[in-house]
Amino acid sequence: MITPLEQYDPQMFELLRQEAARQSGCIRLIPSENYVSKAVMAATGSCLTNKYAEGYPGKRYYEGQQITDLVESIALERAIKLFKADHANVQSHSGAVANLAAYGALASPGETIMGLALPYGGHLSHGWKVSATSKFYNSVSYEVNPETGKFDFDKIEELAKKHRPKVIITGASAYPRIIDFKTFGEIAKSVGAYHLSDIAHISGLVVAGVHPSPVPYADVVSTTTHKTLRGPRGGMLLCKKELAEAIDKAVFPGLQGGPHMHTISALAVALKEADSPEFISYAKQVVKNAKVLAESLMEKGFKLFTGGTDNHLILIDLRNKNIPGKKLAKALDRARIETNYNTIPGDPAKPFNPNGVRIGTPAITTRGMKEEQMKIVASLISRVAENIDNEEAISQIGKEALLLCSEFPVPEHFIIPKK
Ligand code: DSN
């Protein structure tokens, strides 16, 4: 049957068809990406896209909220239960907006925020210099030790005492180890700062108990909803009850108008999926897969930042291979292996041409790949690096990657296939 999209806009239909084929026919290793279920996708593309719902359940600025109030209330209940939080806000359009809203609730413009520097694995919205967050707030950055990969808590405490930030941000977008949220929370408390923990990358691991939760140690927790959590694209905030009103006001009307109700309904579906034994198995497998992928890459002579991983993410330091990160990422892409080039902590190169490649296992684990396939993936990556200027070899590796993908079709529902 011809779909309305195919009929009305065949060009866009065809592009979307090609993108679906691309996602199906390549080994997707970008650690912030995943595949959502058909249930999440269906909710994302629903009639709720037609509805304005400025405000919060029971207190809206538009009529016709009989259903939207229920939808948002269910999403909130599920978020609070899953993360064991006092309060949730599910309206942020993205993780960066969620972070900006948190700063808005916790600090006044010009006050100091302190987060992990972007080249050391932090995120733009943690106060990095090109981000609006560093223009609205006075931003101080801490770093991770480039040799050990550990946070030097004495140094971080010293920095916090010197700058007296209003908010200390924890969390990262390129850090492969467990983060000690408790110690960060103690430092924040000792200098009278709020502790904002951004768990965008690891929120799925947190709900499954395979990474410690920051909820007991942070005043506010922010996350995106589409990474390891495997929901629609968006942001979410969790907080202590004393901050609930300030957080809600900071999101709406502070930063946003109408919430994207279709996304909120899809988030509710994803939170239901995440509250299941299958999701816990999935998250455990994400970490097991990342560990085997890391080991296998090291056996092939790759140097990894921190010598491995405890989570879903691996940072390959290519300095010993003498291949720029961008060159390898592009060659891998031609071989149907999707990654992103990334700085390595202490990397002297610029972020646009760094010495690292960042990979992760959330998406390939959703496809049902396990330890055995991780060894194959490591071998494919290694062969691309060895044949970096040999297009014929890269094309052959691409065929093998496609074959592997064909054995692990993108699942429509998340009863994880047994292999
Ligand atoms: N862009 C996300 C990531 O890839 O880590 C963070 O915003």
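Computed on the Cα trace of the stretch 286-419, the radius of gyration divided by the Kirkwood hydrodynamic radius gives Rg/Rh = 0.96. Taken about its Cα centre, the stretch 274-384 carries a charge dipole of roughly 540 debye when the Cβ of each Lys and Arg holds +1 and the Cβ of each Asp and Glu holds -1. Applying 1/(1 + (r/R0)^6) with R0 = 56 Å to the Cβ-Cβ distance of Ile280 and Asp9 gives a FRET efficiency near 0.85. Spin-label model, Glu242/Tyr61: points 7 Å from Cα along the beta carbon direction are separated by 3.0 nm. The Stokes-Einstein estimate for the stretch 1-114, based on a Kirkwood radius over Cα pairs and taken at 25 °C with 0.890 mPa s viscosity, is a diffusion coefficient of 135 µm²/s. Using a simple spin-label model with pseudo-atoms 7 Å out from Cα toward Cβ, Ser94 and Lys81 lie 3.2 nm apart.
In this calculation the C-beta distance from Glu391 to Lys162 is compared with R0 = 45 Å, giving a FRET efficiency of 0.25.
Ellipticity at 222 nm from helices only: DSSP H runs of n ≥ 4 in the chain, each -39500 (n - 2.57), divided by the residue count, give -13000 deg cm²/dmol. Cross-link partners for Lys291 among the lysines, with Cα-Cα distance under 17 Å and sequence neighbours closer than 8 places in the same chain left out: Lys300, Lys303, Lys370, Lys375.
Along its three principal directions, the equivalent ellipsoid of the chain from the Cα gyration tensor extends over semi-axes of 33, 29, 18 Å, largest first. Separation of the alpha carbons by more than 22 angstrom is noted, of Lys240/Lys284; Lys135/Lys166; Lys161/Lys241; Lys81/Lys288, for Lys240/Lys284; Lys161/Lys241; Lys81/Lys288.
Residue by residue, the stretch 339-355 carries 3J(HN,Hα) couplings of 9, 9, 6, 7, 6, 10, x, x, 5, x, 6, 6, x, 7, 9, x, 9 Hz when phi is fed to the Karplus relation 6.51 cos²θ - 1.76 cosθ + 1.60 (θ = phi - 60°); x denotes Gly or Pro. Expressed as a fraction of 2.2 N^0.38 Å, the C-alpha radius of gyration for the stretch 142-268 is 1.12. When the GluC sites (Glu not before Pro) in the stretch 322-419 are filtered for DSSP coil states and for at most 12 other beta-carbon atoms within 10 Å of their beta-carbon, the remaining sites are Glu412.
Annotation for the stretch 242-323: chymotrypsin sites (Phe, Trp or Tyr not before Pro) lying in DSSP loop with at most 12 further Cβ atoms inside 10 Å of their Cβ do not exist. With semi-axes defined as the square roots of five times the eigenvalues of the C-alpha gyration tensor, the equivalent ellipsoid of the stretch 171-240 measures 21, 13, 10 Å, largest first.
Quick note: the coordinates plus some simple rules give every number you see, no bench work behind them. Owing to the predicted nature of the structure, the values given are computational and were not obtained by experimental measurement. Cβ sites come from the backbone with ideal geometry, for glycine too, and all protein chains shown count toward neighbours.
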